[in-house]
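Peer 1: Right, I'll just put the structure down here and ask away after.
Every number in this text was worked out from the coordinates using simple rules, so none of it is lab data. All figures in this text were calculated on a predicted structure; none of them were measured in a lab. Cβ sites come from the backbone with ideal geometry, for glycine too, and all protein chains shown count toward neighbours.
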Amino acid sequence: MELLTISEVTKNYQISTRTLRYYEQIGLLQSLKKDGYAYRTYDECSLKRLEQILILRKLRIPLKEIQRVLQSEESKVALNVFQGKIQELSNEILALSAIKTVLNQFVIHLRENAEVKMNPKYLSEESILRVIEALPVTKNNLKEDTSMNDLNIADNYLSQLKDVRIVYLAPSSVASIHYVGGSPEYDTGNELRKFMIQTNLKEMKPDLRHFGFNHPNGVKPDGTDHGYERWVTIPDSMEVHEPFLKKKFPGGLYAAHMIPMGNFEEWGWLTDWVKNSNEYEPNWGDPDCMNGSMEEHLNYINQYHLSNEEIDKCVQLDLLLPIKPKVKE
């Protein structure tokens, strides 16, 4: 099989370079350099591993559990992971089924009594108990035979975000650190940690916020020249020294969606949510800097002293996509 470059892989599998790099960073995937090739490439074995990862992500298996499954030769590891996920989904299905069934009973009652005014006591604990007592025993009618097409349809449905927040970020002064190279996320993370400690920024600005974004956003096919820039908000009067630069963040309106570290495929979900919104549309910025999109590292003020590896295990990110209200025609 012909070796594929990082650009070809991201195009063929519809994933971002950031996602692909992160999979390699945590040891889930490996690329290689071969004599005669200037680019970082992926062979058939790596691509099969990537396909396995993507299918497990569609099954909503967390990355930590995917690592356990794919890095172990014992089938009982996968068995335990899958059974744990089944139990989690079963609990969720039961809870949602109970809510759906009670709501259906209320709908039936209201349709039969459409002319009657709503009684405030109707939505009481007693009335809900009466509805529950009258419920018939329901059976699970889920199909037992599920095709890959069914899985893709389910994945598409579940990828439609329902928890997007609209937030306004105020203008602020920031200290910026920017590296381009093989591991700019880690290099900038180390520099920012030292900056936090040396300046005692936690005491100077207890409401500090930490943002990051790809810079440049695109990469060469070998993926070795990608960059990452981090910002931390600072007092307006504070001066910084190299390798940091002081910048002014203009602020603005953003669509926000929270993820655990590594779920970078959800950038695509957030983009789709904004594009399909009736109220907002993208307000794209510099294409070299993720079009103005950013990742906010939540609770960074209590995590900066940790190593990059330790932070990755606990950090949650807000994906922030710049938006503006749609002009009503």
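Peer 1: What shape does the chain have by the C-alpha gyration tensor, where a ≥ b ≥ c are the square roots of the eigenvalues, rounded means a/c under 1.5, and otherwise prolate means a/b greater than b/c and oblate the rest? List each step's numbers first, then the result.
Peer 2: Details: a/c = 2.08, a/b = 1.37, b/c = 1.52.
Oblate, since a/c reaches 1.5 and b/c is not below a/b.
Peer 1: Ok, one more. Based on the Cβ-Cβ distance from Asp236 to Asp272, what FRET efficiency comes out when R0 is 30 Å, to the nearest 0.05? Spell out each step's value before the answer.
Peer 2: Numbers: r = 37 Å, r/R0 = 1.24.
Between Asp236 and Asp272 the formula returns 0.20.
Peer 1: Still on this structure, please answer the following. Report, in degrees rounded to the nearest 10, the 0 to 90 angle that the Cα long axis of helix 184-199 makes with the longest principal axis of the chain.
Peer 2: The two axes meet at around 80 degrees.
Peer 1: Another question, if that's okay. What length, rounded to one decimal in nm, is gained on full extension from Phe82 through to Ile55, with 0.36 nm per residue of separation minus their alpha-carbon distance? Walk me through the intermediate numbers first.
Peer 2: Numbers: separation 27, 0.36 × 27 = 9.72 nm, distance 1.30 nm.
This chain segment gains 8.4 nm when fully extended.
Peer 1: With runs of 4+ DSSP H residues as the only contributors, calculate the mean residue ellipticity of the chain at 222 nm using -39,500 (n - 2.57) per run, divided by the residue total and rounded to the nearest 500. Don't skip to the answer; put the middle values down first.
Peer 2: Working: 11 runs with 135 residues, N = 329.
Per the formula, -13000 deg cm²/dmol.
Peer 1: Can you sort Trp231, Trp273 by how many other beta carbons sit within 10 Å, fewest first? Show your work: numbers first, answer last.
Peer 2: Numbers: Trp231 24, Trp273 20.
The order, fewest Cβ neighbours first, is Trp273, Trp231.
Peer 1: What pairs from Lys33/Lys85; Lys247/Lys324; Lys33/Lys313; Lys162/Lys205; Lys11/Lys48; Lys33/Lys58 go past 25 Å between their alpha carbons? Working shown, then result.
Peer 2: Details: Lys33/Lys85 37 Å; Lys247/Lys324 23 Å; Lys33/Lys313 29 Å; Lys162/Lys205 33 Å; Lys11/Lys48 16 Å; Lys33/Lys58 29 Å.
As for pairs spanning more than 25 Å Cα to Cα, those are Lys33/Lys85; Lys33/Lys313; Lys162/Lys205; Lys33/Lys58.
Peer 1: Let me ask something additional. Taking only Cα atoms, what is the 0 to 90° angle, nearest 10, from helix 75-112's long axis to the longest principal axis of the chain?
Peer 2: The two axes meet at around 50 degrees.
Peer 1: Still on this model: Please state the shape class of segment 159-252: rounded when a/c is under 1.5, otherwise prolate if a/b exceeds b/c and oblate if not, all from the C-alpha gyration tensor.
Peer 2: Numbers: a/c = 2.02, a/b = 1.13, b/c = 1.78.
In terms of gyration-tensor shape, oblate.
Peer 1: With a 10 Å cut-off between alpha carbons and a GNM built on the chain, which of Leu59, Leu208, Leu110 moves the most?
Peer 2: Maximum among the listed residues: Leu110.
Peer 1: Okay, moving on. Could you list Met196, Met148, Met238 in order of exposure, starting from the residue whose Cβ has the fewest other Cβ atoms within 10 Å?
Peer 2: On the way: Met196 19, Met148 9, Met238 14.
In order of increasing Cβ crowding within 10 Å: Met148, Met238, Met196.
Peer 1: Going by a ≥ b ≥ c, the root eigenvalues of the Cα gyration tensor, does segment 165-325 fall in the rounded group (a/c under 1.5), the prolate group (a/b larger than b/c) or the oblate group?
Peer 2: Working: a/c = 1.56, a/b = 1.30, b/c = 1.21.
Judged from the Cα gyration tensor, segment 165-325 comes out prolate (a/c at least 1.5, a/b above b/c).
Peer 1: Oh, and also: Residue separation times 0.36 nm, minus the C-alpha to C-alpha distance between Asp288 and Ala154: what's the value? Working shown, then result.
Peer 2: Values: separation 134, 0.36 × 134 = 48.24 nm, distance 3.37 nm.
So the extension gain works out to 44.9 nm.
Peer 1: Right, something else. List the trypsin sites (Lys or Arg not before Pro) within segment 296-329 that DSSP assigns to loop and that have no more than 13 neighbouring Cβ atoms inside 10 Å. List each step's numbers first, then the result.
Peer 2: Values: sites: Lys313, Lys326, Lys328; in loops: Lys326, Lys328.
Here the sparse-neighbourhood loop sites are Lys326, Lys328.
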